[in-house]
Structure formats: structure tokens, C-alpha cells
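The values are calculated or read from the model by the stated rules, or taken from the named source; none is laboratory data. From a predicted model like this one, the values you see are computed outputs, not experimental measurements. Every residue, glycine as well, gets a Cβ built from its backbone with ideal geometry; the counts of neighbours run over all protein chains shown. Just so you know, the surface numbers come from the protein's heavy atoms only, side chains and all, with ligands and any DNA or RNA stripped out. Shrake-Rupley method; radii C 1.70, N 1.55, O 1.52, S 1.80 Å.
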Amino acid sequence: MPRLSYRRALTRALADEMTRDESVFLLGEDIRVAAANVTSGLLKRFGPERVVDTPLSEQAFTSFATGAALAGLRPVIEFQIPSLLFLVFEQIVNHAHKFPLMTGGQCAVPVTYLVPGSGSRTGWAGQHSDHPYSLFAHVGVTTVVPATPADAYGLLVSAIRCDDPVVVFAPAGAMDLRADVTDPAPVPLGRGVVRRAGTDVTVVAVGHLVHDALAVAGDLADQVSVEVFDPRTLYPFDWDGLVESVSRTGRLVVVDDSNRSCGIAGEIIATVVERVRLLAPPRRVTRPDGAVLPFAPALDRAVQPGRDQLTAAIQLTVKDG
């Protein structure tokens, strides 16, 4: 089987969709030289008309993409830094997201916002290390966080084909993962997947933390039977799939590499307890409230949720139940 990295899976998805559909084009800062190493080779293959370097004005080129989409094209914007999404929240949420709704479906805005390397693992410091996916899920923008190379390919393809705006977060902790992928295919938006079956507790893991959850489940296999649920899409969320899992296990732990207050972990817990009677109080493993990641690598990693914290949360949840 061919080994495919998460990063190259994104590249392949972009290339395949640009080949399939001439209305797809890329824009962003320094994408012609592949500064994020995702758009490598695409300029040579598709030319400067479809791989467009932009000025350092995020609001301008994000608005440009909205206009291009309204005119019938399918832009894909690469943002090198997740915090840039704070600058263009107006353009994504108040414009691209709302235009189809406010016109009664008379227009479509098929823009994909790709964030390769969101979060941090190597000391990217305070203004480069956020995981703001909860913001977009809150306002109802389709939001995906792939965990594997196959899903990186499949969810990005589905995002580009979607007639609505989609934000794709590709976590820094997943970018260099490799897996055997024989025939990458589109992955439906809004559908989660059980990565490991279990009977004692459901662990919901977002993005790269799926792999930490699987490792912890393996380590605890002789003590606790852990089911690992990967939502893949945070909005729309696969509530039926998760409720089915938690209804069987009776316990819930969520691990999420974003800030605790108003994060997706809290929403997952709140929604589940409205629908399922749990055997023990649920727990979440996240960054601290209001976390701003430091530059020092050791402190950077200390602020992010890890396997030891997840192990402790699982053990406490099973003990309390």
C-alpha cells in the first residue's frame, strides 16, 4: 500500500479537484512557493491564473473570494496562521455565510478556507497557535477537523464541492502523520466515525488528538474498554452517531486542543447530557481557560492537553461510575 502523509493528502485533494473542476482556484499568501508546503507543484501544473499569490491583506482577498464564488467560481483560500481567521471573521460569517440565507437561497458561496498547521506543537507563540474552530461552529459555518490522511483528503474534497462556505482546520499535530491509503475518496460532511470500539467509556477526540486517544485506549486496554469517537465535522455535528456510542458506554470524556471556556468540548458534553442518562459525570480535557500559548517549546506543550491528562480523566470517570 502507498504511504500518504496528511500534508500530501491535502495537496493531492487540491490537485484532484482543480483537475476535475476548472472553476476551482487557489489564493493566499506565498502559496506559489508553497510556504506552508501544501501547494507544492500546483503553480507549475495549473499556472498563475489558478494559483494566485495575494497581498498581505486578508480582509481584501477573503472578500475577493466571496465575490468570485458569487460569480460561479470555487475559491480555496489558504491561511498560513489560524489567528488570521480573527481578521476575516466579518468576511466569512457576516458575508459569505449569510448571503445565501438572507437571499432565500438565490445565491451560493462555495468558498473553502484551509488552515494547514492550526494550533501549535513547536513554539509558534501566542499569535500563531490558536484553534478557533468553536467560533465557526457557534455561528453555523460548516467546520471540519480531519484526523487522518484519508480524511484530510476526503473532507477537503467534500469541502471544495460544497456550495456553502467551509472552514477546514488541519492541525499542526497531524500534518506529518502517514498512513496506508490505497484509494482516497470524498468523506461526507457531518458524519463522525468510531475509531475504536469499546464498552466502558466513550472518548470524543478532536483532530490530531484522535491518535492520542487511541494510544491511551491501547495502554488502558487491560483495565478499561475505551471507545474512541472522531466527529470529523464539528458543524454540522454527528449527534446521532455520538449519542449511539454514549448510550452503549454510559460514560463520556472529551479531549479538545482549544480553550476550555465556550469550547467545543463543553458543547459536546452539554448536548449529550440532554439526551443520554450517564453513569458518571462527564469530563473534558482541554487547554486552560483563556490560554495563550508561550513561545518556549516546553511551555507550549505543557498548555496543550496530553495523554496523561486524558488517562486520568478516563480513570476518574470509570471510578465515579
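Couple of notes before you dig in:
- Remark: pairs (first residue in the range 111-130, farther than 10 Å from D300 by Cα and polar (S, T, N, Q); second residue open to solvent by less than 10 Å² (accessible area, probe 1.4 Å) and at pLDDT below 80; Cβ separation under 9 Å; 6+ apart in sequence or on different chains) = S118/S129.
- Top-ranked residue of the range 191-216 - restricted to ones that are open to solvent by 20 Å² or more (accessible area, probe 1.4 Å) and not in a strand (DSSP E or B), ranked as farthest from V272 (Cα to Cα): A215
- Test: residue in the range 177-191 that is touching a residue at least 12 places away in the same chain (Cβ under 8 Å) and closer than 25 Å to G123 by Cβ: yes
- Criterion: in a helix (DSSP H, G or I), at pLDDT below 95 and out of contact with any Pro (no Cβ under 7 Å at 6 or more places or on another chain) - qualifying residue of P48, P100: P100
- Flag if S57 is hydroxyl-bearing (S, T, Y) and surrounded by 16 or more Cβ atoms within 10 Å (Cβ to Cβ): no
- None of P282, P236 is touching a Leu at 6+ places or on another chain (Cβ under 8 Å) and either under 19 Å from F169 (Cα atoms) or among the hydroxyl-bearing types (S, T, Y) (or both) except P236.
- Taken over the range 267-321, the criterion of being without any contact (Cβ under 8 Å) to a residue 60 or more places away in the chain, in a loop (DSSP other than H, G, I, E, B) and open to solvent by less than 50 Å² (accessible area, probe 1.4 Å) is satisfied by V276, L278, A280, P282, A291.
- Residues being among the charged types (D, E, K, R) and either within 22 Å of L177 (Cα to Cα) or not in a loop (DSSP other than H, G, I, E, B) (or both) - total across the range 20-40: 1
- Qualifying residue in the range 88-108 (condition: surrounded by 17 or more Cβ atoms within 10 Å (Cβ to Cβ), of a type in the set (D, E, K, R) and within 22 Å of the chain's Cα centre (by Cα)): no
- Filter result for S158 (over 27 Å from R301 (Cβ atoms) and surrounded by 21 or more Cβ atoms within 10 Å (Cβ to Cβ)): yes
- Candidates Q80, Q59 - the one that is within 20 Å of R12 (Cα to Cα), in contact (Cβ under 8 Å) with a residue 24 or more places away in the chain and of a type outside the set (D, E, K, R): Q80
- Selection status of S23, open to solvent by 20 Å² or more (accessible area, probe 1.4 Å) and in contact with a helix residue (DSSP H, G or I) (Cβ under 6 Å, 6 or more places away or on another chain): no
- A147 small (G, A, S), in contact with a strand residue (DSSP E or B) (Cβ under 8 Å, 6 or more places away or on another chain), over 24 Å from E49 (Cβ atoms) and surrounded by 24 or more Cβ atoms within 10 Å (Cβ to Cβ): yes
- Answer residue from the range 60-87, given it is aromatic (F, W, Y) and within 21 Å of the chain's Cα centre (by Cα) and is least open to solvent (accessible area, probe 1.4 Å) among those: F79
- Verdict on P116 being touching a helix residue (DSSP H, G or I) at 6+ places or on another chain (Cβ under 7 Å), in a strand (DSSP E or B) and at pLDDT 90 or above: yes
- Selection count, the range 161-190, where residues are at pLDDT below 95, among the β-branched types (V, I, T) and open to solvent by less than 50 Å² (accessible area, probe 1.4 Å): 1
- Selected residue (criterion: nearest to I264 (Cα to Cα)) from residues of the range 217-247 that are hydroxyl-bearing (S, T, Y) and open to solvent by 10 Å² or more (accessible area, probe 1.4 Å): Y235
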